[in-house]
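The values are calculated or read from the model by the stated rules, or taken from the named source; none is laboratory data. Bear in mind that the values here come from a model prediction, so they are computed numbers and not experimental data. Positions of Cβ are backbone-derived with ideal geometry, glycine not excepted, and every protein chain shown enters the neighbour counts.
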Amino acid sequence: MNVHKPNFQQPTFQTDPVSKSIHHDNIQTDLSLAQQQHLEALITPYTERTKTSKKLAQNYRSVFANNRGSAGFNFTLKELFYPILIKRSLGSKIWDVDDNEYVDLTAGRGLHLCGYNPPFIKKALLEQLEQGIQTGPQAALAGEVAELICELTGVERVAFCSVGTEAVMLALRLARAATGRSKIALFSNSYHGIFDGTLVKAQTVNGNSRTVPEYPGVTPNIAEDVLVLDYGSSESLEIIRAYEHELAAVLVEPVQQSRLSFEPKAFLQQLRQLTKESGIALIFDEMVTGFRIHPGGAQAWFGIEADLVTYGKTIAGGMPMAVVAGKANYMDGIDGGIWNYDDVSYPHVPITWSGTSYSRHSMSLAAARAFLEHLKMQGPVLQQKLNQRTSEFVTKLNTYFEEDKLPLQIVHFGSIFSPDSSANSELLANYTNLIGMKLLTYHLFHKGFFPVKEERAIYLQYIQMKN
């Protein structure tokens, strides 16, 4: 079949407003008297209970540029618009600067698979602290941690980064270096960090699809090397085939955080076959799924071996660390490939730039070794129990919503769950309903639960209790 390349034209970039706020004067007509009274009845006790968080937000706003304090701003909830500031944590609980206790549902956006400050991580950090914090010189633990990652996930080689965005950047650079190609493909509604090269979106104008910057400050020329496709669509496979001689990589979030109920195993299998035939690197972004859904991550869950994989979040128990791992023919671009002493071998692959000052931090490596050894000792049963507990919890929540005739539905993937954005889209299209959803977040805060924003994923933690 002959497939014509779609016309991915580049537009003149126009800045979209970051905030979708509705003017305060209009809001007054959207809320009934009862709704307005409900809002006021929440604001007074909530702001009193968390008054130090609000005071500090105001005190430091002039010097501290903090998106946690303004993203999604609207006038209706202005007096509630400040982040709750946390001063300590343990297990599944956190305490704010006013000494309010919360059961945490964020797990540090997925970082703390085994809860806050688990004993085995704390012990490893204290022991390493006694040895000193080594940055610059090569930390002795790096090789051991790399070996553990290979053992658990089946990858061939490993390199360390500081954060997930850096890992994605490096994976794409390695793919481009190995293939000699420039373009990459990724999928709508996926998230790959704050790198300009992935902060793009698809836009259709007069039937033509084009890639445009998603945020102000991302330049249009960045978008020229990116195709943004529909995840799970057969048409996307056809487009990849049409661009096969230009594509260095296809970057995939195997299960999208924004679409947890969608597990397109057959699509991923077809994508794997297509990329293998075309010499395109298949990159799994497993910042969220890595080590959480299964010790081997989404690769093991779906039975699909990617060329490159990025890991982060859970891997170092809350310490900053991310990983690029995968097949040697791609990873060799970091150090020139494998060679031995006492023979004529040498680094034979052209090297691209990698590494930052904190990419092999001794404290992060100590925490990672402790975490990975814990996973190895526990085996897949840890994730299996957590996945099952999450499934039971989500079923119970959905039963409550159904019995009370609330138009909400929760979906999950393993131990990650969130409101179903597709099922709730009609509800959230109404501004008053959207305000109600946001208020649910503040009611949970007020009742002692630390939730995420209504559009974010929620994570259960696996915490072993003492006998």
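Values as computed for the structure displayed
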item: Single unsatisfied condition, Thr52 versus (1) within 28 Å of Arg292 (Cβ to Cβ); (2) hydroxyl-bearing (Ser, Thr, Tyr); (3) assigned to a helix (DSSP H, G or I); result: (1)
item: Meets criteria (buried (at least 16 other Cβ atoms within 10 Å of the Cβ), at pLDDT 95 or above and part of a helix (DSSP H, G or I)) for Leu237; result: yes
item: Residue in segment 89-97 that is outside the structural domain of Pro419 (by TED's automatic domain parsing), of a type outside the set (Ser, Thr, Tyr) and either closer than 20 Å to Leu386 by Cα or outside any loop (DSSP other than H, G, I, E, B) (or both) present; result: no
item: Hits in segment 261-293 - residues which are surrounded by fewer than 22 Cβ atoms within 10 Å (Cβ to Cβ) and either of a type in the set (Val, Ile, Thr) or in a loop (DSSP other than H, G, I, E, B) (or both); result: Ser261, Phe262, Glu263, Pro264, Gly279
item: Flag if Leu406 is among the aliphatic types (A, V, I, L, M) and either in contact with a Phe, Trp or Tyr (Cβ under 7 Å, 6 or more places away or on another chain) or not assigned by TED's automatic domain parsing to the domain that holds Ile293 (or both); result: yes
item: Single residue of segment 42-66 satisfying the filter (touching a helix residue (DSSP H, G or I) at 6+ places or on another chain (Cβ under 7 Å) and among the aliphatic types (A, V, I, L, M)) that is farthest from Lys447 (Cα to Cα); result: Ala57
item: Residues within segment 219-234 that are touching a Phe, Trp or Tyr at 6+ places or on another chain (Cβ under 9 Å), modelled with pLDDT under 95 and within 27 Å of Ala71 (Cβ to Cβ), tallied; result: 3
item: Subset tally (residues that are over 24 Å from Ser359 (Cα atoms) and out of contact with any strand residue (DSSP E or B) (no Cβ under 9 Å at 6 or more places or on another chain)) for segment 101-135; result: 1
item: Verdict on Ser425 being in the same structural domain as Arg173 (by TED's automatic domain parsing), more than 22 Å from Ile86 (Cβ to Cβ) and modelled with pLDDT under 95; result: no
item: Helices (runs of 4 or more DSSP H) (entirely within segment 322-408) containing at least 3 residues that are among the aromatic types (Phe, Trp, Tyr) and at positive phi; result: none
